[in-house]
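The numbers here are math on the coordinates, done by the rules we state, and not lab data. Please read these numbers as outputs of a predicted model, since none were measured by experiment. All Cβ positions, even for glycine, are placed from backbone atoms using ideal geometry, and neighbour counts span all protein chains on display.
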Amino acid sequence: MSCVIKAENLGKSYGKFRALKGISFTINKGECFGFLGHNGAGKSTTMRMIYGLSTVDEGYLEVMGERIDPITPPRIKQIFGIVPQEDNLDPDLSVIENLEVYGGYFGISSKDARTYGKELLEFMGLADKVNVNVEMLSGGAKRRLVIARALINKPQVIILDEPTTGLDPQARRLVWQKLRRLKEDGVTMLLTTHYMEEAAQICDRIVIMNDGLILAVGSPEELVRQYVLPFVIEVRVSMEMLPSGINEKIEAIGGKAEYIVDSLFIFTKDGKRLWDKLNEIGLDHHVCYLRPANLEDVFLKLTGRRDEE
Amino acid sequence: MKTALGILKRHLIVFRRTLWSNTVFNALEPFLYLSAMGYGLGAYVQDIGGMSYIQFLAPGMVASAAMWAATFECTYSSFVRLHFQKTFHAMLAGPATVTDVVAGEVLFGIVKNVVFGIVILLVIAAMGQVQSVWSLLIPVFLIFPGAVFSLMALSYTGIIGHIDYLNYYITLVTTPMYLFAGVFFPIVSMPAWMQTLVWLNPLYHSVEVCRALVVGNVSMILWQHIASLALFAIVLGKVPGYFLKKRLIS
Ligand SMILES: Nc1ncnc2c1ncn2[C@@H]1O[C@H](COP(=O)(O)OP(=O)(O)OP(=O)(O)O)[C@@H](O)[C@H]1O
Ligand SMILES: [Mg+2]
């Protein structure tokens, strides 16, 4: 079985509000599949339906070849590892007890859960916190513990809802490394994130969501290739300060103007050539910044004009 | 079932940590009641069915302390786990179902009912108020009222949206159950209609059985009390799950 999760026209309404308006995607075995989208786009709603905190009542969802109707059964959740968006560690318990107890829900003996739990804590850089009460942990340490907890049952599918929010750069890299290693072991991963770099680094394929719909799907490179030109010049001046008729001028020298969140981005095939011509169209080099286009540009381009609609 | 037991294990780990402070505190109140009312008020009360007042009161304290323990667990503590600590959400993200969560809570409510029943039983035994070896059956019997009190409390906890509403349950449900259960006075002193109504009070059945076992006055009628409790538990069985599902699954 190569397809682990399959959604067709999956929708979700809360009362009159349609949080998901019919999305379709397939996630293959061993793949890391990313969900990008603004706050409220419907990422967590999708995750919750997959891991059994929400019912599926519009459209079709299939997990491990089984139709979910209306809610993910325990035998499927048994092979899942979940990192919810909000930390819900057990504050009545110590760090290691959190792992022990959570393992217990899966039927793992205390002894095994503690042994493996210590390994996971070691890896997550929490080895010196084994017997600390979770209330005493820093925000980032809590997050890492939630990730460790999700791995206690050696899951085949891991669902990570903003796993690295609140982590410092080192810790974030630590998590990425662990996730890459899991991927090598054939674990399937679903990940939501607001960090484009994270998505570009570890996801094989990505969907970009907007207001409960999927706008684009593909590998990070594909998306960049498909939706933007290879280079971008960010123009860091306010809109009023731009020379008049700038759009036409940019067009004339072979660029493409995009306005994203009230600032000008010039996309182009040939960054260096356009850079040299900026003076001609009245843009000063020291307010401009040339770089290769990346996933963030795709994201902003596709979802950036949301508020103006 | 495996997961429900995993949840019970979680509660027991937490319980073990606070067992002593919990026990001492919970034993104190019935002890105060027994001393004040048993000895104090008892001096003015004539024998009740051949029992001294303190003798009459003591088994009622066993049953009612157990009720309070189970009730507090499945109201305030469960509410905190549900709304503030999101413990149930974490369980559900694991392999648990809402039924497992309910089972874990109720099993722990039963444990508390039994443990605090035993504690008070030891207190009254130390005060010389246990007459019969039949009392050894009390811990087993307390499973029945434990299930009923836990299911009742958890149902209410699932219905309400704000912790302040739990006070209503305590004041309007648990306290009246406590006062009109034949703990402090025999129910035959109440008007006839109230004596009928009292059959709906689970604590009444618990008190009757505990008293019979403590004094060794065992008869077939006890089965009626046990059957009533079992019936309540069956009727209430699915209620907490119904309301908690609405709270937990969106
Ligand atoms: N239980 C609920 N009841 C009502 N509305 C809800 C509920 N859960 C989510 N929503 C709404 O559904 C929409 C999608 O929410 P969701 O949590 O899926 O967004 P998200 O993409 O995860 O956003 P974020 O990046 O902020 O986490 C939001 O508008 C949210 O307010
Ligand atoms: Mg979210």
Find out how many positive minus negative residues lie around A:T46, taking Lys and Arg as positive, Asp and Glu as negative, among other residues whose Cβ is under 10 Å from that of A:T46.
+2
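Let me know the shape class of chain B, please: from the alpha-carbon gyration tensor, a ≥ b ≥ c as square roots of the eigenvalues, rounded when a/c is under 1.5, otherwise prolate if a/b is greater than b/c, or oblate.
Prolate.
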Candidates A:E258, A:E248, A:E296: whichever shows maximal mean-square fluctuation once chain A is modelled as a Gaussian network with Cα springs under 10 Å
A:E248
Cα gyration tensor shape of the range A:104-162, rounded if a/c is under 1.5, else prolate or oblate by comparing a/b with b/c
oblate
Could you give the nm distance between label points at A:E222 and B:L197, where each point is 7 Å from its Cα heading toward the beta carbon?
7.1
Counting only helical runs of four or more DSSP H residues, what would the 222 nm mean residue ellipticity of chain B come to if each run contributes -39,500 (n - 2.57) and the total is spread over all its residues?
-21000 deg cm²/dmol
For the range A:1-88, give the magnitude of the charge dipole about the Cα centre (Cβ charges: +1 Lys/Arg, -1 Asp/Glu; no others), in debye to the nearest 20.
120
Among B:T157, B:T97, B:T18, residue whose mean-square fluctuation peaks in a GNM of chain B (springs only between Cα atoms under 10 Å):
B:T18
Within a 10 angstrom radius of the beta carbon, how do B:Y178, A:Y51 rank from fewest other beta carbons to most?
B:Y178, A:Y51
So if we plug the beta-carbon distance of A:W176 and B:K2 into 1/(1 + (r/R0)^6) with R0 = 30 Å, what FRET efficiency do we get, rounded to 0.05?
0.35
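For chain A, what's the relative contact order in percent, using C-alpha pairs closer than 8 Å and at least 6 residues apart?
Relative contact order of chain A: 19 percent.
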Rounded to the nearest 500, what is chain A's calculated 222 nm mean residue ellipticity when only DSSP H runs of at least 4 contribute -39500 (n - 2.57) each, over all residues?
-9500 deg cm²/dmol
Length gain on complete extension for the stretch A:R75 to A:M239, per 0.36 nm per residue less the alpha carbon to alpha carbon distance?
53.5 nm
Positive end of the charge dipole of the protein assembly as shown (Lys, Arg +1 and Asp, Glu -1 on Cβ, about the Cα centre): tell me which of B:S228, A:L283, A:P220 has its Cα farthest that way.
B:S228
Given A:V157, A:A41, A:L10, which one lies farthest toward the positive end of the charge dipole of chain A, if we put +1 on the Cβ of every Lys and Arg and -1 on the Cβ of every Asp and Glu?
A:V157
Members of A:K16/B:K246; A:K43/A:K77; A:K142/B:K112 lying beyond 23 Å, as alpha-carbon distances in this model show:
A:K142/B:K112
Could you work out how far apart the two model spin labels at A:R291 and B:I143 are, taking each label as a point 7 Å from the Cα in the direction of the beta carbon, and quote it in nm?
6.6
Compute, for chain A, the length of the dipole vector about the Cα centre, with Cβ point charges of +1 (Lys, Arg) and -1 (Asp, Glu) only. Units Debye, rounded to 20.
660
Expected integer from the mean partner chain Cβ neighbour count at 10 Å over A:75-82 is 3
Potential extension, B:Y242-B:S35 segment - 0.36 nm per residue separation minus Cα distance:
70.2 nm
If you take every residue apart from B:C74 with its C-beta less than 13 Å away from the C-beta of B:C74, what net charge results, scoring Lys and Arg +1 and Asp and Glu -1?
0
Specify which residue in the list A:M209, B:M51, B:G146 is farthest towards the positive end of the charge dipole of the protein assembly as shown, using unit charges on the beta carbon of Lys, Arg (+1) and Asp, Glu (-1), about the Cα centre.
B:M51
So for the range A:74-195, averaging the separation of alpha carbon pairs under 8 Å that are six or more residues apart and normalising by length, what relative contact order in percent results?
34
Between A:H194 and A:N9, the FRET efficiency computed from the C-beta separation at R0 = 25 Å comes out, to the nearest 0.05, as 0.45
Env charge @ A:V298, Cβ radius under 12 Å, K,R +1 / D,E -1, value -3
For A:Y60, A:Y116, what ranking results if the residue with the fewest other Cβ atoms within 10 Å of its Cβ goes first?
A:Y60, A:Y116
Taking a label point 7 Å from the Cα of A:K16 along Cα-to-Cβ, the residues of the range A:55-90 whose backbone nitrogen sits under 14 Å from it are none
Hey, got the dipole for the protein assembly as shown? About the Cα centre, +1 on K and R Cβ, -1 on D and E Cβ, debye to the nearest 20?
1060
Just to check I understand the Karplus step: with θ = phi - 60° and J = 6.51 cos²θ - 1.76 cosθ + 1.60, what whole-Hz values come out for the range B:104-118, glycine and proline as x?
x, 5, 5, 4, 6, x, 5, 4, 5, 4, 5, 4, 6, x, 5
Would you mind ranking A:C203, B:C210, A:C3 so that the residue whose beta carbon has the fewest other beta carbons within 10 Å leads the list?
A:C3, A:C203, B:C210
Per its Cα gyration tensor (rounded if a/c is under 1.5, else prolate when a/b beats b/c, else oblate), the range A:151-248 is best filed as prolate
